[in-house]
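The values are calculated or read from the model by the stated rules, or taken from the named source; none is laboratory data. Values in this document were obtained by computation on a predicted structure and should not be read as measured data. Every residue, glycine as well, gets a Cβ built from its backbone with ideal geometry; the counts of neighbours run over all protein chains shown. Each accessible area value is taken on the protein alone, full model and side chains, heavy atoms only, with ligands, DNA and RNA left out. Shrake-Rupley method; radii C 1.70, N 1.55, O 1.52, S 1.80 Å.
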Amino acid sequence: MQGFKNIPIRYRHMHPIVENGHTLYSIEGEFTKVLATEEWRVSRVNQNYTVCPSYAKAVVVPKSIDDETLAAAASFRQGGRFPVLSYRHNNSAAVLLRAGQPLYGSKHRRCRPDEAILNSVVNVGMKGVIYDLRSSSAISQQQNKGGGSESPANYSQWKIYNRSMDDVDNQQQLLESFSKLIEACVDRDISSDKWISKLEACGWPESVRNSLHTACIVAQHLHQKAEPVLIHGTRGEDATLLICSLVQIILNPDCRTIRGLQALVEREWLQAGHPFGTRLRGGAHCGPAPPRAAPTFPLFLDCVRQFLEQFPCSFEYRQSFLVTLFEHAYASQFGTFLCDSEQERATRGVFEQTTSVWSWLNQPEELSSYINPLYEPTPNVIWPSVAPMSFVLWEELYLRWLIKQGTEEREEQYRAIRSREQQLRTQAQQMRRELFDLAQQYYNADRKGSVDH
């Protein structure tokens with residue numbers, strides 16, 4: 001570890017830690033309802049990280065599939081990332097899986113264990129859906145290296161589609177887009193027209209819209225058609241995790257709470273092997289970018305920011321919570337976002353020698369500052385608009401040094417709105433009671449009059 005990556009090892013939190021954030025979100029705890037269905041189980045085939053170096057020790061897999069089959073399927077997937085459960089939708093029981101690309105090799109070999117894993121989640125009389133998050137040209141390039149996409153002949157129970165997310169899975173392209181965004185945001189001498197043109201031309205807004213649109217498409221399969229979905233790109237460590245996370249923001253109300261978002265980041269980014277240490281080693285203006293650096297996680301946070309703009313009452317957390325995650329992902333006195341995988345964090349003693357950022361954020365005095373005063377819990381699915389005019393620049397992050405945020409003023413406005421809403425609700429309830437009493441009086445009087453006649 002280099003530079004600021006050494007800081008958390010020496011840091012000791014000064015306040016009492018109520019809960020250990022490093023162990024707060026276990027896979028058994030997060031998938032309690034799923035494991036109770038008798039269709040899924042926790043596998044520890046990767047206990048020593050030998051089957052898949054980037055996966056956690058424990059993963060959720062179909063109960064009908066044994067560990068030998070999982071290990072055999074791992075040899076067929078990029079980086080050993082065999083298909084695992086990401087999410088099970090409560091409304092339809094449809095499941096979302098993620099994996100790395102299949103490795104067919106020059107001889108176009110098939111892998112029956114891999115086929116068995118996928119086919120085990122498809123009900124009789126229906127088909128599953130595979131979304132390959134790469135363009136046709138990117139798939140062709142991988143085929144020359146022994147990779148590629150699933151063969152329709154071998155995966156006859158699945159419909160296979162390409163949904164290009166190359167602007168996300170290509171680390172260099174995404175970093176360049178982010179750098180141009182920051183350049184536009186810090187340019188104080190540019191005219192308004194040129195600034196808007198420069199903002200759109202940087203490619204970042206399009207990546208945000210593409211990510212949200214793809215997540216909506218996948219969510220529709222799960223929610224409206226009850227179809228199982230498998231997502232993968234090349235390695236399955238960037239665009240794959242991004243889309244799986246956004247799908248859950250759309251479908252799962254728990255992910256719209258503070259602890260729910262923490263749990264989502266844990267299982268879909270940290271435990272799923274997103275290489276934070278490599279991707280976020282350099283910022284947009286930190287000189288030459290290190291190899292494979294890319295702001296994939298900041299893109300996810302920006303997408304969530306779009307949700308907050310469109311559904312201001314559906315999220316327990318405010319924008320400041322997302323800004324805090326952004327800051328600690330890049331540089332932090334906590335150890336949560338260190339290294340590239342759970343294996344590396346375990347090997348380097350991160351869990352024992354550092355404090356988790358969740359331990360700090362979940363302190364009552366700290367947590368209260370991130371709560372959205374307009375939050376109204378709802379079990380509903382939320383569908384974000386992906387129209388170009390729906391995109392909003394994240395001023396609280398990208399322009400915070402140029403624009404006065406006026407947080408205190410907005411807080412007062414929020415409190416006033418909530419107070420007025422509560423007053424109106426109380427008045428409405430009182431009026432409903434009065435209307436009911438009047439209706440009862442009218443009914444009794446009318447009934448008495450009928451009897452008298």
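Taking the stated definitions as given, is Asn90 at pLDDT below 95, within 26 Å of the chain's Cα centre (by Cα), open to solvent by 40 Å² or more (accessible area, probe 1.4 Å) and within 25 Å of Tyr161 (Cα to Cα)?
In short, yes.
When you check Tyr375 against the structure, is it within 30 Å of Arg209 (Cβ to Cβ), hydroxyl-bearing (Ser, Thr, Tyr) and open to solvent by less than 20 Å² (accessible area, probe 1.4 Å), yes or no?
No; evaluated as a whole, the condition is false for this residue.
Conditions tested, residue by residue: (1) under 30 Å from Arg425 (Cβ atoms); (2) out of contact with any Phe, Trp or Tyr (no Cβ under 7 Å at 6 or more places or on another chain); (3) aliphatic (A, V, I, L, M).
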site: Asp302; (1), (2), (3): no, no, no
site: Leu322; (1), (2), (3): yes, yes, yes
site: Phe326; (1), (2), (3): no, yes, no
site: Glu344; (1), (2), (3): no, yes, no
site: Leu367; (1), (2), (3): yes, yes, yes
site: Pro388; (1), (2), (3): no, yes, no
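So, restricting to helices (runs of 4 or more DSSP H) that lie completely within region 160-241, which ones have at least 1 residues that are open to solvent by less than 10 Å² (accessible area, probe 1.4 Å) and free of Cβ contacts under 8 Å to residues at least 24 places away in the same chain?
171-186
Please specify each residue of region 149-159 satisfying the condition of being part of a loop (DSSP other than H, G, I, E, B) and either open to solvent by 50 Å² or more (accessible area, probe 1.4 Å) or modelled with pLDDT under 90 (or both).
Pro152, Ala153, Ser156, Gln157
Would you mind stating whether Phe351 is open to solvent by 20 Å² or more (accessible area, probe 1.4 Å), of a type in the set (Phe, Trp, Tyr) and under 30 Å from His221 (Cβ atoms)?
Spelling it out, it is not the case that Phe351 is open to solvent by 20 Å² or more (accessible area, probe 1.4 Å), of a type in the set (Phe, Trp, Tyr) and under 30 Å from His221 (Cβ atoms).
Name the single residue, out of those in region 230-262 being hydroxyl-bearing (Ser, Thr, Tyr) and more than 11 Å from the chain's Cα centre (by Cα), that is nearest to Gly148 (Cα to Cα).
Here the answer is Thr234.
Given the criteria part of a loop (DSSP other than H, G, I, E, B), open to solvent by less than 70 Å² (accessible area, probe 1.4 Å) and either closer than 25 Å to Asp238 by Cβ or without any contact (Cβ under 8 Å) to a residue 60 or more places away in the chain (or both), does Tyr55 qualify?
Judged against the criteria, Tyr55 is a match.
Of all residues being open to solvent by less than 70 Å² (accessible area, probe 1.4 Å) and not in a loop (DSSP other than H, G, I, E, B) in region 14-27, which is farthest from Ala272 (Cα to Cα)? Just the residue, please.
By that ranking, first place goes to Gly21.
Residue check: is Phe300 buried (at least 24 other Cβ atoms within 10 Å of the Cβ), outside any loop (DSSP other than H, G, I, E, B) and of a type in the set (Phe, Trp, Tyr)?
Yes; evaluated as a whole, the condition is true for this residue.
Within the bounds of region 211-223, is there any residue that is over 14 Å from Arg134 (Cβ atoms), modelled with pLDDT under 90 and of a type outside the set (Gly, Ala, Ser)?
Within region 211-223 (the criterion being over 14 Å from Arg134 (Cβ atoms), modelled with pLDDT under 90 and of a type outside the set (Gly, Ala, Ser)), the answer is no, since none of the residues qualifies.
Before we move on, is Arg415 among the charged types (D, E, K, R) and either part of a helix (DSSP H, G or I) or at pLDDT 85 or above (or both)?
Spelling it out, Arg415 is indeed among the charged types (D, E, K, R) and either part of a helix (DSSP H, G or I) or at pLDDT 85 or above (or both).
Report the residue count in region 321-343 for those that are of a type in the set (S, T, N, Q) and at pLDDT 95 or above.
4
Suppose we keep only residues that are among the hydrophobic types (A, V, I, L, M, F, W, C) and open to solvent by 10 Å² or more (accessible area, probe 1.4 Å) within region 60-73. Which one would you say is farthest from the chain's Cα centre (by Cα)?
Filtering first and then ranking leaves Ala72.
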